[in-house]
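Engineer: Dropping the structure in here first, questions after.
The values are calculated or read from the model by the stated rules, or taken from the named source; none is laboratory data. Owing to the predicted nature of the structure, the values given are computational and were not obtained by experimental measurement. Ideal geometry is used to build each Cβ from the backbone, glycine not excepted, and the neighbour counts take in all protein chains shown.
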Amino acid sequence: MTLLESVNIASTTQMPGFDLPDTQGNMWNFANLTGSKGLLVVFTCNHCPYAIAVWERIIALSIWAKTQGINSVAINSNIHPNYPEDSPEEMINKIKEWQIPFPYLIDSTQEVARQYQAQCTPDIYLVKKDQTLFYHGRLDDSWKEPQKVTKEELKIAIECLTLNKAFSEKQNPSMGCSIKWK
């Protein structure tokens, strides 16, 4: 496991669209996923301890964010023969186990992760409806211990976006296992 942080990407950067399948073969893209205010995009996987530690909080936040006009999507770019626990078959198991309420997509070519400059799992992006980046950083200030969270940075960013306010706080990088590049 190699620990990495997300790279700094300027807010207002135009983020690329994508067309990716879910585990059932249904195709999804930015346009059909985006809520009235934007889209939360999380590059993640099934096996990384950093990703596992925040899945439950991401799911809970996504349910609230949907009521604010922000839809969510998870993208697994760790489709790699050396990591069978991240296979599409295992994704199906995790969708059921974790009761993931949003699409969990397969980036088997890793092209979308490269276009987004994703580095780690989780790597979190809050993108406005017009596909400009609003927030790229960590979920909160305690990846490992939810009971020690004192600042929910992603939630603050979502609130700012939905209220058409600037997110003026420092955007701390997300951190996690490296994406397993082919």
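Engineer: Would you check if there is a residue in segment 121-138 being at pLDDT 95 or above, among the acidic types (D, E) and surrounded by fewer than 20 Cβ atoms within 10 Å (Cβ to Cβ)? Show your work before the answer.
Structural biologist: Applying the first criterion (at pLDDT 95 or above) to segment 121-138 yields 121-138.
From what's left, among the acidic types (D, E): 123, 130.
Next, only the ones that are surrounded by fewer than 20 Cβ atoms within 10 Å (Cβ to Cβ) stay: 130.
Looking for residues that are at pLDDT 95 or above, among the acidic types (D, E) and surrounded by fewer than 20 Cβ atoms within 10 Å (Cβ to Cβ), one finds at least one in segment 121-138, hence yes.
Engineer: Still on this structure, I have one more. Exactly one of (1) within 27 Å of N8 (Cβ to Cβ); (2) buried (at least 19 other Cβ atoms within 10 Å of the Cβ) is unmet by M91. Its number?
Structural biologist: Here M91 meets the rest and fails (1).
Engineer: Residue check: is Q14 of a type outside the set (A, V, I, L, M, F, W, C), in contact with a Lys or Arg (Cβ under 8 Å, 6 or more places away or on another chain) and touching a residue at least 24 places away in the same chain (Cβ under 8 Å)?
Structural biologist: Details: of a type outside the set (A, V, I, L, M, F, W, C): yes; in contact with a Lys or Arg (Cβ under 8 Å, 6 or more places away or on another chain): no; touching a residue at least 24 places away in the same chain (Cβ under 8 Å): yes.
Judged against the criteria, Q14 is not a match.
Engineer: Which one of these is over 16 Å from K180 (Cβ atoms), crowded, with 21+ Cβ neighbours inside 10 Å and modelled with pLDDT of 95 or more: S72, S62?
Structural biologist: Values: S62 fails: crowded, with 21+ Cβ neighbours inside 10 Å.
Matching residue, one of S72, S62: S72.
Engineer: Suppose we filter segment 148-182 for residues that are in a helix (DSSP H, G or I) and either surrounded by 13 or more Cβ atoms within 10 Å (Cβ to Cβ) or modelled with pLDDT under 95 (or both); how many remain?
Structural biologist: 10
Engineer: Then there is this: Identify, by number, the condition in (1) more than 19 Å from T162 (Cα to Cα); (2) in a loop (DSSP other than H, G, I, E, B) that P21 doesn't meet.
Structural biologist: If we test P21 against (1) more than 19 Å from T162 (Cα to Cα); (2) in a loop (DSSP other than H, G, I, E, B), just (2) comes out false.
Yes or no, residue by residue, for (1) farther than 15 Å from T12 by Cβ; (2) within 15 Å of the chain's Cα centre (by Cα):
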| site | (1), (2) |
| --- | --- |
| R114 | yes, yes |
| D123 | yes, yes |
| V127 | no, yes |
| R138 | yes, yes |
| L154 | yes, yes |
| N164 | no, no |
| K180 | yes, no |
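Engineer: Just one of I75, I95 is in contact with a Phe, Trp or Tyr (Cβ under 6 Å, 6 or more places away or on another chain), hydrophobic (A, V, I, L, M, F, W, C) and touching a residue at least 60 places away in the same chain (Cβ under 8 Å); which is it? Even if it seems obvious, please write down each step before you answer.
Structural biologist: Working: I75 fails: touching a residue at least 60 places away in the same chain (Cβ under 8 Å).
After applying the criteria, what remains is I95.
Engineer: Moving on to the next point. Step by step: first the residues of segment 98-147, then only those that are part of a strand (DSSP E or B) and hydroxyl-bearing (S, T, Y), then the one that is farthest from V7 (Cα to Cα). Which residue is that? If you could, list the steps in order and put the result at the bottom.
Structural biologist: Narrowing segment 98-147 to residues part of a strand (DSSP E or B): 104-106, 120-121, 123-128, 132-136.
Subset that is hydroxyl-bearing (S, T, Y): 104, 121, 125, 132, 135.
Working: Y104: 23, T121: 12, Y125: 11, T132: 16, Y135: 12 Å.
This residue is Y104.
Engineer: How many of the residues making up segment 50-76 are over 11 Å from the mean Cα position of the chain (by Cα), small (G, A, S) and outside any helix (DSSP H, G or I)?
Structural biologist: Summing the residues that are over 11 Å from the mean Cα position of the chain (by Cα), small (G, A, S) and outside any helix (DSSP H, G or I) in segment 50-76 gives 1.
Engineer: Hey, another quick one. Please determine, by comparing only the residues of segment 27-49 that are surrounded by 24 or more Cβ atoms within 10 Å (Cβ to Cβ) and in a strand (DSSP E or B), which one is nearest to the chain's Cα centre (by Cα).
Structural biologist: Taking the candidates together, the pick is V42.
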